[in-house]
1. For the chain, what's the relative contact order in percent, using C-alpha pairs closer than 8 Å and at least 6 residues apart?
2. Taking 7 Å along the Cα-to-C-beta vector as the label spot, tell me the Ser191-Ala35 distance in nanometres, rounded to one decimal.
3. Provide Rg and Dmax in Å for the range 2-244, with only Cα atoms included in the calculation.
4. Which order do Tyr52, Tyr241 fall in if you start with the one that has the fewest other Cβ atoms within 10 Å?
5. Straight-line reach from Lys13: which aspartates and glutamates have Cα under 17 Å away, leaving out those fewer than 8 places along the same chain?
6. Over the Cα atoms of the range 140-248, what Rg and Dmax result, in angstrom?
7. Which of the peptides 163-169, 53-59 is most tightly packed, and how do the rest follow, going by the mean number of other Cβ atoms within 10 Å of each residue?
8. Using per-residue counts of other Cβ atoms within 10 Å, averaged over each peptide, order 123-135, 179-191, 144-156 from highest down.
Amino acid sequence: MSTIYILWLRQVKRYLRSRSRIIGSLAQPLLFLVALGFGFGPIYTKAGQGNYIEFLVPGVMAMSILFTAMATGIEIIWDRQFGFLKETLVAPISRMNIMIGRTLGGATVSILQGLIVFGLSFIVGFKVANWHIFPLAFISMFLIAVIFTALGTAIASLLQDMQGFQLIMSFLIMPIFFLSGALFPLNGLPSALNIVVRANPLSYGVDSLRGTLVAASNFGLHTDFIALTLLALILLAIGSYLFSKIQI
């Protein structure tokens, strides 16, 4: 447990020390909130769909968590190139504990990023529908963060260079985000696109945040949390296996 705590604390401290990283990672969420929120808001309202800001904020929060969680994989490649990972792996501790500690640290950082976006959303007029179930939003953010931190770790465990990781991230992140229902309603989609959306892990994360923050779940919160929990366990297992196979 001490190893897990130390690695978790290291990840969090690294994030808190990097003020430029925190500020830089907020640029895209703010752009989405302001440009899309106020740009498409009137159209969304005229279409009879309600307040677009309330629809958009959970999706942007999920986006922020997704980007931050997946980016933690870069730290594995960075540590491998500069020898820090080797020092950790040769220590007499379980690689499983190392994986869990890094994953929890990356998940914590991602949640902090999501909470910052949540705080900023009130500036553009966002309102929580029911504060009584708001604590469930933390569970949702945690599961989203664990899923994509584990996925980023699994991918980084297979790669040696940052360029390859960034190419794969570009190939994965944007489709995962845009096909999650973060920016558009899921009602009335073509059947083929609906299958893709339902196969997307982030769809359940966005839907659970929307259900806990604005009471507008499409799949149902029970379905969302069951799917997120199963995906988190599966990806943790895959990430742990691949991380244990890293050659130093």
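No lab work stands behind these numbers, since they all come straight from the coordinates. What you see is a predicted model, and the numbers here were worked out from it, not measured in a lab. Don't worry about glycine lacking a Cβ; one is built from the backbone with ideal geometry, like all the others, and counts go over all protein chains shown.
1. 27 percent
2. 3.6 nm
3. 18.1, 62
4. Lowest count first: Tyr241, Tyr52.
5. Partners within reach: Glu75, Asp79.
6. 15.2, 50
7. 53-59, 163-169
8. 144-156, 179-191, 123-135
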